[in-house]
Protein chains: 4
Amino acid sequence: MPSPLWSYVTPGIPDEMFERLPGIPMSPREVRLLILSSLRLKDDSILWDIGAGTGTISVEAGLLCPKGQIVAIERDEDVANLIRRNCDRFGVSNVEVLEGSAPECLTELSQAPHRVCVEGGRSIKAILNEVWQRLQPRGRIVATAATLEGLYQVSESFAELQVRNIEVVQSAVNRLEKRGINQTFAAIDPIFVLSGEKLD
Amino acid sequence: MPSPLWSYVTPGIPDEMFERLPGIPMSPREVRLLILSSLRLKDDSILWDIGAGTGTISVEAGLLCPKGQIVAIERDEDVANLIRRNCDRFGVSNVEVLEGSAPECLTELSQAPHRVCVEGGRSIKAILNEVWQRLQPRGRIVATAATLEGLYQVSESFAELQVRNIEVVQSAVNRLEKRGINQTFAAIDPIFVLSGEKLD
Amino acid sequence: MPSPLWSYVTPGIPDEMFERLPGIPMSPREVRLLILSSLRLKDDSILWDIGAGTGTISVEAGLLCPKGQIVAIERDEDVANLIRRNCDRFGVSNVEVLEGSAPECLTELSQAPHRVCVEGGRSIKAILNEVWQRLQPRGRIVATAATLEGLYQVSESFAELQVRNIEVVQSAVNRLEKRGINQTFAAIDPIFVLSGEKLD
Amino acid sequence: MPSPLWSYVTPGIPDEMFERLPGIPMSPREVRLLILSSLRLKDDSILWDIGAGTGTISVEAGLLCPKGQIVAIERDEDVANLIRRNCDRFGVSNVEVLEGSAPECLTELSQAPHRVCVEGGRSIKAILNEVWQRLQPRGRIVATAATLEGLYQVSESFAELQVRNIEVVQSAVNRLEKRGINQTFAAIDPIFVLSGEKLD
C-alpha cells in the first residue's frame, strides 16, 4: 500500500512523523520493530491491535499488509480519533478502529485473527485468555510489558495457555540525541516483548 | 518474493534458520531489524551489502525487495559461498555475490546503488568515501560499529562526507534463553547503527 | 583490614584478581558494586553470603568490614575451598566458610546476621523465608536474579515477607574489551539486584 | 568519618538524600558506584573532583577517605554553595570547594593529587592535560562522558597522555520505579566511565 508519507517496504517510521496526544503512550520506533517482527505478518493478515494507543503498530501493519485487515481496539474516544488521524496521515485505509473495552468488545468482531498484539489493557490476563480462544490455528500473539507486574502476568498467561515457541526479548536501546553541538546518549525505557504461537 | 522458508512481509528471520560458518560474524536478528529499518528499502532498491558475512542482510533485503537487486561484497571465497547457500536456502534469486575487496572491487559494479550497508571491511573510511561518491541522490547509507574505533571512524566519515539526517542508535538487547527449566537473561553484545542520507 | 593485594577503601576488585574454577559463577565487578552498595555494610556487620560461588562478595565484604564477621555458605567442598583460597589471597581472615546446604545448615549459625546476601541456592523461597526470620531488626537483605524465574521468586518472597523499602535495579553494563588493536563493546549479562530492609 | 545520615562503609548514597538544584547534573547512584570504584580511593587520598556538580562524588569520597582531602572544583557560585550544603548535610568536613574555572584555577592548588575525577568542564582536553601533569606517580584518573564527543575527547586524551591500564565501562542501568501499583522499568541514561593510571 504505497503511502504518500512512507513509501518503504521496511517498518520503522520515525516517531516524530506520528501525531501525538499528551499522556498517550507510543511504542518508540526501535520497540515497534521488535513487535512487528515478532508478529511475522503476511500481506493478508488479520491483526487485532489491543491497547493501540497512538496507533503506530496499526499504521505500520496497515502499510505492510495491503490485503490484510487491522482492527485497532481502543476504549477512549479521543485516542480512537487519534488513531484514525494517524491512519489518514499515512493513507492507510485497512485499519478499523473499534471503540470499546477489551476483552468484552472483542465479541463484536466476527472474523478470527491471524495475529494479535496486546500492548495494554486493564486486565491483561482476561484479554490474553479471550484472544487466545479466538486466535486462528498457527496464529501468533505478541504482548509487551513495561512493568514487572505486566511481565509476570503475560509470562504466566503464556504458560497457562500453552503458547508455543515463546520468545522474550528486552529492548534496551540508546539513541544519540543532538543537544547543542553534542550528541548525548539517551536511553529509551526498556520494554519486554513476549511472543509465541498457537500450534493447531 | 515468496520464500519457501520465510513467507512473511516483516523482517527478522530467526538466527538459527541461517547456515553459519565458525568465526564468520552474523548480525543477530534484533540488530538486523535496526539495520534494515535504517536502510528504508523500497521494493526495487539497488543495495550494496559490504562485508556481508553470513549474508543475513542480503537474504532479508532480497526477500523484501522482489524487484530490487542486492550485491553482497565479500572477499573470502568460502564466505561468499556461504552467502550463496543462504540465498538458495531462502529461495532468494536477486542477490549477486561479488567476490572481492572493497573499495577496489566496487569499480566492477556499473549500477549506482540506492542503498549501501557497510558492516565491515579493512579500511572503513576508504569504503565510505567510495560508496558515498557512487550512491544515488536521495540514497541512504547505513554502517555498523562494534568497536570504539569503528564508531569513531564511521562518525568522522559521516561528518566529513556531510551525510544528512544522521541517526545513531545503540542496540542493547537482552534475550531470555532457556537453560534447563529457567529462562536466563542473556545480553547481545551492543552494536552501533549509524545511518543517514545523501541529499542531492 | 589492609590487604597486600587490595589496599583501597572502595570496593570493585578486578575480576581477574580472583582465583576461579571452571563452571563456578562469579559476580562480575560491576554487579558486585551494586550488591555491596545495596547491602549498606557497616564496619562491624555480620553478613551471611549464601550461594557464595567464587567468594568475591565475601572477600570484598571481609575487607570493608574489618570488625565484622562474614559467613560464606556453600554446599560444594571444592567451591568452599576456592572461597578459602580467595580469602587467603587477599589476606582476609574474618570470613568463615560453612559447608552445607541452605536453608538447613543455617541452624548451625548461632549469631543473627545484620546483612544477608542471597546469590543462589536450590530453593530460593525457603532460603529467603529462613534468613528473614533470623535477620536482625533494621537488617538488610539483598538477592540477585539472573533468570526470569528467579526474579519472580525473589520478588514474590519479598512481598510476602513484607520486606520494606524494596529497590530493584537491573545492571546492564558494557565493557570495552581489547581485541587486537580495537576495543570491542562487550555486554555483561544483565543481573537483577533486589534489596530491602526489615523494619523492626 | 561517621556521618549522622550515612553510617555505612559502602558507597552508594540514594540520590534523593542529596539536596539538588534544578538543571545541575548529578551522577545517579549506580554511576557513582562505578566512578568511586574506578578511583580506587585510599583512606588518605587527595582527590580533585572537577565539574563537581551536585557534589555527590565529593561527599561520598569525603566519607570514604577520613584522612584524605577532597577538592571540589566548580565555577558557579550557586553550585559551589550547593556542594557545601551537601557536605554539611552529611557532616563531611574534609571537602574544600574551590570556586573557579578549570584548568586555570588548578594552579591555586599546591598539593598534587593522588586521584582526579573529571565529570565535566568546558575544555576537557585542556583539563585532562593539566591534571595529568599534576597527578602524583601511581595516581589514578577517572573521567565520565555522556556524549559521543566527550567519549572521543577523553579517549583521545588518554591515548595521547599514555594513560596506563585504561578501562572503559558503559553503565546502562534500569531501575524499577513505583508508578501506582506497578513497578515500571526505567532506564538511566548511559554514561561512559573511563579510568586509568599514571605509572611513574
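For the rotation carrying D onto A, the chain D residue whose Cβ lies nearest the axis, with the distance in whole Å, reads D:187, 2. Pair-distance distribution of the protein assembly as shown: all C-alpha pairs, bin width 10 Å, starting at 0; shares per bin in whole percent are 2, 13, 21, 23, 20, 14, 6, 0, 0. 3J(HN,Hα) couplings calculated from phi for region C:29-42 with the Karplus curve 6.51 cos²θ - 1.76 cosθ + 1.60 (θ = phi - 60°) are, in sequence order, 3, 5, 6, 4, 4, 5, 4, 4, 5, 5, 5, 6, 6, 10 Hz; Gly and Pro show x.
In units of the rule-of-thumb radius 2.2 N^0.38 Å, region A:86-181 shows an alpha carbon radius of gyration of 1.33. For the protein assembly as shown, the per residue solvent-accessible surface stands at 38 Å², with DNA, RNA and ligands left out and a 1.4 Å probe.
Computed with a 1.4 Å probe over protein heavy atoms only, the accessible area of residue A:101 comes to about 50 Å². When the trypsin sites (Lys or Arg not before Pro) in region D:125-193 are filtered for DSSP coil states and for at most 16 other beta-carbon atoms within 10 Å of their beta-carbon, the remaining sites are D:138. Ligands, DNA and RNA left out, the 1.4 Å accessible surface of region D:15-197 is 44% carbon and sulfur atoms. Just checking the listed ones, A:22, A:11, A:137: in the Gaussian network model of chain A with Cα springs under 10 Å, the one fluctuating most is A:22.
Counting only other chain Cβ atoms within 10 Å of each residue's Cβ, the peptide C:143-151 averages 5.
Summarised as an ellipsoid, chain B has semi-axes of 25, 21, 16 Å, derived from the eigenvalues of the Cα gyration tensor scaled by 5 and square-rooted, with the largest first. Name the most mobile residue of D:50, D:127, D:24, meaning the one with the largest mean-square fluctuation, in a Gaussian network model of chain D with Cα contacts below 10 Å. Comparing D:50, D:127, D:24 in the GNM, the peak value goes to D:24.
Across the protein chains, with a 1.4 Å probe defining accessible surface, the residues D:198, A:67, C:42 rank A:67, C:42, D:198 from largest area downward. Enter the buried accessible area of the D/C pair, total of both sides, probe 1.4 Å, in Å² rounded to the nearest 100. Buried: approximately 3000 Å² between C and D.
Within the protein assembly as shown, DSSP assigns beta bridges of which about 55% are antiparallel (rounded to the nearest 5).
Rolling a 1.4 Å probe over the protein heavy atoms leaves residue C:87 with an accessible area of roughly 10 Å². Computed from backbone phi, the HN-Hα couplings of region C:47-61 come to 10, 9, 10, 9, x, 6, x, 6, x, 5, 5, 4, 4, 5, 5 Hz, rounded to whole numbers (Karplus: 6.51 cos²θ - 1.76 cosθ + 1.60, θ = phi - 60°; Gly and Pro given as x). Among bridges DSSP assigns within region C:15-197, what percent are antiparallel (round to 5)? Among the beta bridges of region C:15-197, antiparallel pairing accounts for roughly 50 percent.
Of B:186, B:143, B:159, the residue with the greatest mean-square motion in the GNM of chain B, using alpha carbon springs below 10 Å, is B:186. With contacts taken as Cα pairs under 8 Å and at least 6 residues apart, region A:15-197 reaches a relative contact order of 19 percent. For residue C:180, inter-copy separations between label points set 7 Å beyond Cα along the Cβ vector come to 3.8, 3.8, 5.2 nm, shortest first.
Amide H contacts of residue A:98: A:72, A:73, A:74, each under 5 Å away and 5 or more positions distant or on a separate chain (H built 1.01 Å from N in the peptide plane; Pro and chain starts excluded).
If you average the alpha carbon positions of region A:41-96 and of region D:135-198, how far apart do those two centres end up, in angstrom? So the two Cα centres are separated by 42 Å. In summary, the lysines within cross-link reach of residue B:67, defined as a Cα separation below 26 angstrom excluding same-chain residues under 8 places away, comprise A:42, A:67, B:42, B:198.
A point 7 Å from Cα along Cα→Cβ stands in for residue D:25, and the other copies hold the same point at 3.0, 3.1, 3.5 nm, listed in rising order. For chain C, the mean residue ellipticity at 222 nm estimated from helices alone is -8500 deg cm²/dmol, where every DSSP H run of n ≥ 4 contributes -39500 (n - 2.57) and the total is divided by all residues, rounded to the nearest 500.
Heavy-atom accessible area for residue A:144, with the other protein chains in place and a 1.4 Å probe, reaches approximately 20 Å².
Residues whose amide H falls under 5 Å from that of residue A:139, counting only those 5 or more places apart or on a different chain, are A:198, with hydrogens built in the peptide plane.
Using a 7 Å projection from Cα along Cα-to-Cβ, the label point at residue C:100 is separated from the same position in the remaining copies by 6.0, 6.2, 7.4 nm, smallest value first. Taking θ as phi - 60° and the Karplus parameters 6.51, -1.76 and 1.60, the scalar couplings of region D:96-109 work out to 9, 9, 9, 7, x, 10, 7, x, 4, 5, 5, 5, 6, 8 Hz in sequence order, x denoting glycine and proline.
Given axes a ≥ b ≥ c from the Cα gyration tensor, I'd like to know whether region B:1-91 is rounded (a/c under 1.5), prolate (a/b larger than b/c) or oblate. Because its axes are fairly even, with a/c under 1.5, region B:1-91 counts as rounded.
Extending 7 Å from Cα along the Cβ direction at residue A:149 and again at residue D:20 yields two label points whose distance is 2.4 nm.
The values are calculated or read from the model by the stated rules, or taken from the named source; none is laboratory data. This structure is a prediction, so every number in the text was calculated from the model and none was measured. Virtual Cβ from ideal backbone geometry, glycine too; neighbours counted across all protein chains shown. Note: accessible area is taken over every heavy atom of the protein model, side chains too, but ligands, DNA and RNA are not part of it. Shrake-Rupley method; radii C 1.70, N 1.55, O 1.52, S 1.80 Å.
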